[in-house]
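To start, the structure under review is shown below, and the notes come after it.
The values are calculated or read from the model by the stated rules, or taken from the named source; none is laboratory data. If you're wondering where the values come from, they're calculated on a predicted model, not measured in any experiment. Positions of Cβ are backbone-derived with ideal geometry, glycine not excepted, and every protein chain shown enters the neighbour counts. Accessible surface is based on the protein model in full, side chains and every heavy atom, while ligands, DNA and RNA are left aside. Shrake-Rupley method; radii C 1.70, N 1.55, O 1.52, S 1.80 Å.
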Amino acid sequence: MPEGDTIFRAAGTLHRVLAGKEVTRFESVYPAVTRIADDHPIVGRTIESVSARGKHLLIAFSGDLILRTHMRMNGSWHIYPSGARWQRPARDMRVLVGTRDAVAVGFNVPIAELLTARNLARHREIQALGPDLLADAVSGTSLFDRAEVLRRMRAHGRDAIAGALLDQRVVAGVGNVFKSEILFLAGVYPFLPVSALADAELERLVDISREQLTANVMSRSQTLSPAVGRRTTRSLDPREKLWVYGRGGKPCRRCGAAIESKKTGLDARLTYWCPACQRPGSSP
Ligand SMILES: [Zn+2]
């Protein structure tokens, strides 16, 4: 699943290229989107902004119409100069927004809908989002509410901490890669119930989550696809970018113990951890 920082970077890049430009081309394979676009043409409108809310990407057009997309597991947005060759087959295109100079293509984006500002304000999934880890990076002010994240975590006391971190209704922005990395950095065993952790430990986890997502937004690369350019170690060797994620069976970069992995949840997401650095009983 793309992480909050990936969506944030995608939104930033799309905003820089598209904002203020007139739409010259709009396509979608989703009948509900095309039907609205037939009645309320997108072509001819101006792109006002592109922004991220949690993992939702919002493209706002003049005249009160917003394209909401969600990448889920496999979706991604690419941007190309007009006429450039796409890096993905055209059959993977789900939605496309073109201007005179550029074309933004949503590949395998499983969710796309056109909304008014009023629809968006009432949108259940968006309204349910927990505080956004990148809220301060977006606004440049202090909006992030750590106490609210703790309240929401406590309401999920029986969930494993790995599940709570990934739950966008608790805190918005952590995806599966960061989940494992954050727990490693905090020295927390992924399958401890939230209720087994003290407030100070949860606060530390939230702080590490913010630091990691923010650092990955700041060390930006131009690519919009997931997992490229992300790093949580300080190493400059690109092969050493992550501590535990994707490293099952390999030696821990801190202690040398073999990294373990386990599938959990309905969608069988993998969690990676070091059995020595992240013991169930030890406090970090
Ligand atoms: Zn270790």
### Query
Can you tell which of ALA135, SER261, LEU213 lies farthest toward the positive end of the dipole of the chain, using +1 and -1 charges on the Cβ of basic and acidic side chains (Lys, Arg; Asp, Glu)?
SER261
### Query
Size of the dipole of the range 24-123 about the Cα centre, Lys and Arg at +1 and Asp and Glu at -1 on the beta carbon, nothing else charged, in debye to 20?
300 debye
### Message
What is the distance in Å between the Cα centroid of the range 10-44 and that of the range 92-170?
### Response
20 Å
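Give the dimensionless ratio obtained when the Cα radius of gyration of the range 11-72 is divided by 2.2 N^0.38 Å.
Values: Rg = 11.4 Å, N = 62, 2.2 N^0.38 = 10.6 Å.
Ratio of Cα Rg to 2.2 N^0.38 Å: 1.08.
Using the Cα centre of the chain as the reference point, and only Cβ charges (+1 on K/R, -1 on D/E), how large is the resulting charge dipole? Debye, rounded to the nearest 20. Could you put the intermediate results ahead of the total?
Working: 41 positive and 28 negative charges, 136 e Å.
Using only the charged Cβ atoms, the result is roughly 660 debye.
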### Task
For the range 127-169, just list the percent of Cα-Cα distances falling in each 5 Å bin from zero outward, please.
5, 23, 29, 22, 13, 6, 2
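Given the convex hull over the Cα atoms of the chain, what projected area results after averaging over all orientations, in nm²? Don't jump to the answer; show the numbers that get you there.
Numbers: hull surface 62.0 nm².
Average of the hull's projected areas for the chain equals 15.5 nm².
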### Message
Give the lysines reachable from LYS21 as a straight Cα distance under 28 Å; neighbours fewer than 8 places away on the same chain don't count.
### Response
LYS55
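Based on alpha-carbon positions alone, could you give the equivalent ellipsoid semi-axes of the range 25-104 from the gyration tensor, as √(5λ), descending, whole Å?
Details: eigenvalues 68, 52, 38 Å².
Value: 18, 16, 14 Å, ordered largest first.
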#### Entry: Selected from PRO275, VAL103, ILE42, residue furthest toward positive end of dipole (the chain; charges at beta carbon)
PRO275
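Could you work out the per residue convex hull volume over the alpha carbons of the range 147-197, in cubic angstrom?
Numbers: hull volume 3.5 nm³, N = 51.
Expressed per residue, the convex hull around the Cα atoms of the range 147-197 is 69 Å³.
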### Task
Let me see the pair-distance distribution of the range 79-145: every alpha carbon pair, 10 Å bin width, integer percents in order.
16, 27, 34, 22, 1
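With each run of n ≥ 4 DSSP H residues scored as -39500 (n - 2.57), what mean residue ellipticity at 222 nm is computed for the chain after dividing by its residue count and rounding to the nearest 500 deg cm²/dmol?
Numbers: 9 runs with 84 residues, N = 284.
Mean residue ellipticity, 222 nm, calculated: -8500 deg cm²/dmol.
Arrange the residues ASP5, ASP92, ASP101 by how much accessible surface each exposes, largest first, with a 1.4 angstrom probe. Please report the intermediate quantities before stating the final value.
Numbers: ASP5 0, ASP92 30, ASP101 75 Å².
Of ASP5, ASP92, ASP101, the descending order of accessible area is ASP101, ASP92, ASP5.
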